[in-house]
Structures are given as C-alpha cells and as structure tokens.
1. Given the residues 3, 42, which is the only one that is at pLDDT below 95, in a helix (DSSP H, G or I) and out of contact with any strand residue (DSSP E or B) (no Cβ under 9 Å at 6 or more places or on another chain)?
2. Can you pull out the residues in the range 205-215 that are in contact (Cβ under 8 Å) with a residue 12 or more places away in the chain and either part of a helix (DSSP H, G or I) or exposed (fewer than 14 other Cβ atoms within 10 Å of the Cβ) (or both)?
3. Quick check on the range 95-115. Is at least one of its residues over 22 Å from residue 36 (Cα atoms) and free of Cβ contacts under 8 Å to residues at least 24 places away in the same chain?
4. So which residues in the range 81-119 are under 24 Å from residue 50 (Cβ atoms), in a strand (DSSP E or B) and within 16 Å of ligand 2 (Cβ to nearest atom)?
Ligand SMILES: Nc1ncnc2c1ncn2[C@@H]1O[C@H](COP(=O)(O)OP(=O)(O)OP(=O)(O)O)[C@@H](O)[C@H]1O
Ligand SMILES: [Mg+2]
C-alpha cells in the first residue's frame, strides 16, 4: 500500500532519519493531502514506535500534525500535510521578518501546550517548523513537526550519544552533554530560533534590542537561570504587537 501511494509522489524533504513524500489518502470520507515519513533502513521499529506514541500523546495540540496511519513494512508513518515551507527556507527566501516572528510566537504557543502535558519536544529547530501563508490575520500558520525526539520532562534521550555541540547548536548545553531534558531546554532552543529571526531587524530598533536582551537570558548556560516559556511567549507577543522599526531589507521579499 505504501509503495502504491508513493507512485508519482513528490519529495517534501529529507532528514537524518527519513525521507518525506506528499501523498493522497482517504480520510474522513474524502481524499486529503498527507505526508508519508519513510524511515531510513537503519531506523528500528522501537524508534518509530516512540514517535507514534508521541503523536498519540500530543493529539489535539494545536500546531502539531495529526497521525493518520502507520506502516510496519516498510517502516513509515502518515501524518497530515502542512507547509509547504520550512521556517529555515522562509528565512532564506526573504519572507517578511515580522511574519517569521509571528511564526516563532505560534511555535511558543504549541510548545506551551506540549509542556502542559508534561512533554518536551527536544528538537526545536527551524527545519522542524512548517509554515503556510494565510489570507486572514496573522497571515501565517505554523506546525511543529518531527516528534521523534519528544519525551516526558526529566528523560535523558541523548545520554551516552556523545553529541558534539557544534553539530547541535540549537540544543541546550545540558541536553547535548546527555543530561535531562526540561521545559528550560526547549526554551533554549526556541530562543535560538528567535535570535535567527531577530538578525533581520536593525540593531537600532528598540523593540528588537529589548527582545535580544530577553533571548540572551533564555540562552543562559544553566537551565534553572533561564526565564520560563511563558515569559518568552509574552515577550514575543509584545514584540509582534508593537510594530518594530522597518526590518532590514532581505534579498527577496515575499
Ligand atoms: N507533515 C508534513 N507536511 C509537510 N512536509 C513535511 C511533513 N513532515 C515532514 N515534512 C518534510 O520532511 C522533512 C523531514 O521530516 P522530519 O523532520 O520528520 O524527518 P527527520 O529525518 O526526523 O528529520 P531530522 O533530520 O530533523 O531528525 C521536513 O523538514 C519537512 O520538509
Ligand atoms: Mg526534522
């Protein structure tokens, strides 16, 4: 069934663990677009099962895809389709920085819902965020994908993995070194994402300078000294509500 669904499908993206294709599936009595995540051969059943569990645990959270199906041979999952652009691509394509900051604010909202369920995402980075433009305000809709690394707070998913910080600049120092994940470690990753968008606002903009200061606090080496997710979420809300000075012109504006 997976092989026939893949026939003529287009590649949406690839990651360290999987290729992802756009397919059509019959769901709720109609054909809908979906994303088929086809795992690489070295990924084992246990890893896939763990991602499936996290989709089930986060069911109903706004801004997370819905799980539509699972295949054991080949190992694959089917989720609702989102995008078409990752936040990483949108930053490069010159999408309006203010829109991008609205997307980051939506990511904060999604993380806060996950945290309310005792879950930490642990892989918050710009190629795990899909965005699509909307006609209605706020002009953008955001989805946080890739729940493969998600765990309950306090877990040590990278213990003994020997991760190098230069390969995982978006992960907090305690997580890279194999320590416990926490709400504060997601705050660190979200602050890195915020910083990557803030770069597109002029240094002279007072609102950007204020947010940069908050981001700096969220990047504190010690998790216990970082502000809460709620605080960063509020600061992002203030930033997008008070129109900052015109953002720097990027190469191409969409
Ligand atoms: N639901 C979806 N809708 C549209 N595109 C998607 C969807 N899920 C994944 N993609 C695309 O496929 C890419 C790879 O998916 P995903 O991040 O889940 O794979 P991965 O191998 O676990 O990645 P990583 O290297 O981050 O661990 C994404 O960056 C995105 O471009
Ligand atoms: Mg990914």
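1. Result: 3 is the single residue among 3, 42 that is at pLDDT below 95, in a helix (DSSP H, G or I) and out of contact with any strand residue (DSSP E or B) (no Cβ under 9 Å at 6 or more places or on another chain).
2. Scanning the range 205-215 gives 206, 207, 208, 210, 211, 212, 214, 215.
3. no
4. Correct list: 86 only.
The values are calculated or read from the model by the stated rules, or taken from the named source; none is laboratory data. Everything quoted here is computed from the prediction, not taken from an experiment. We place every Cβ from the backbone using ideal geometry, glycine too, and count neighbours over all the protein chains shown.
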